[in-house]
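The values are calculated or read from the model by the stated rules, or taken from the named source; none is laboratory data. What you see is a predicted model, and the numbers here were worked out from it, not measured in a lab. Don't worry about glycine lacking a Cβ; one is built from the backbone with ideal geometry, like all the others, and counts go over all protein chains shown. Side chains included, ligands, DNA and RNA excluded: accessible areas come from the protein's heavy atoms. Shrake-Rupley method; radii C 1.70, N 1.55, O 1.52, S 1.80 Å.
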Amino acid sequence: MGGPNDAQQPDNPQPGHPAEPIDAQQPDNPQPGYPAQPIDPQQPGYAEQPPPQGDPVKRQRLVIGGIVVGTLVLIGVVIWVLLNLMGTRPEPTVASPTPSATLGPLPRDTDAKDFQIGDCFADFDPNASKARAVACDTEHTAQLGAAFTYPTDDSFPGTNALRDKGREVCKGIKLNDAANEYTNLLQQNVYPSPSSWDRGDRRVDCFIVVSPGSTIKEDLLEK
């Protein structure tokens with residue numbers, strides 16, 4: 001559909017009759033043999049035509065403008081609904097520091113699913129399903145610095161995605177000044193395998209560890 005500024009094209013002439021230019025100075029052709037006569041407003045049957053009401057081009061612009069505004073409002077409503085739907089999606093939960101005393105006195109053997117941020121472990125083995133939790137002011141080889149937990153209904157994201165998530169989790173760890181006394185601190189990621197995922201494992205952990213043969217005797221996390 002053309003806009004209000006589109007030029008109006010003349011109707012196509014009938015075949016065999018070329019279109020003629022319109023000469024505004026020429027009167028309409030009178031019938032043969034009868035000279036053209038001026039119209040007398042006083043003659044019976046003559047009725048003066050009222051002037052057209054309003055500008056048709058302006059009205060067309062108003063109609064088009066109304067359609068555009070209505071369309072933009074509709075698009076805005078759709079976007080608002082989509083954003084609200086996306087905002088209600090459940091967010092993955094991140095484990096927060098919890099006093100380890102809630103699981104019993106130290107030292108104690110703890111299942112990997114029950115590790116708490118800040119827990120310190122003696123003789124830590126990242127491949128074991130359990131670890132020996134000890135007081136952080138005693139000798140230990142690892143401390144859990146951060147953790148991320150996927151939603152239970154998520155499908156297995158793949159090993160590469162889990163590895164990337166582990167690196168992301170480790171970036172959130174903040175160490176205290178005591179960590180400056182150790183020159184051999186490392187970061188150790190532990191994340192689910194396909195089989196452990198099927199058994200419900202959703203944790204991605206990041207531990208602060210020391211090189212083999214060394215130990216830590218302090219809590220290294222910033223409070």
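Kindly provide the pair-distance distribution of the stretch 149-214 built from C-alpha pairs, with 5 Å bins from 0 and whole-percent values in order of increasing distance.
Using 5 Å bins, I get a P(r) of 3, 15, 24, 19, 14, 10, 8, 5, 0 for the stretch 149-214.
Take every Cα pair under 8 Å in the stretch 106-206 that's 6+ residues apart, average their separations, divide by the length, and report that relative contact order as a whole percent.
That works out to 28 percent.
What is the spin-label model distance, in nm, from T138 to N176 if the labels are put 7 Å beyond Cα along the C-beta direction?
Those two pseudo-labels are separated by 1.9 nm.
So what is the orientation-averaged projected area of the stretch 134-174, using the convex hull of its C-alpha atoms, in nm²?
Taking a quarter of the hull surface, the average projection is 4.3 nm².
Could you tell me what percent of the accessible area of the stretch 152-223 is made up of carbon and sulfur, with a 1.4 Å probe and every protein chain present?
Answer for the stretch 152-223: carbon and sulfur cover 44 percent of the accessible area.
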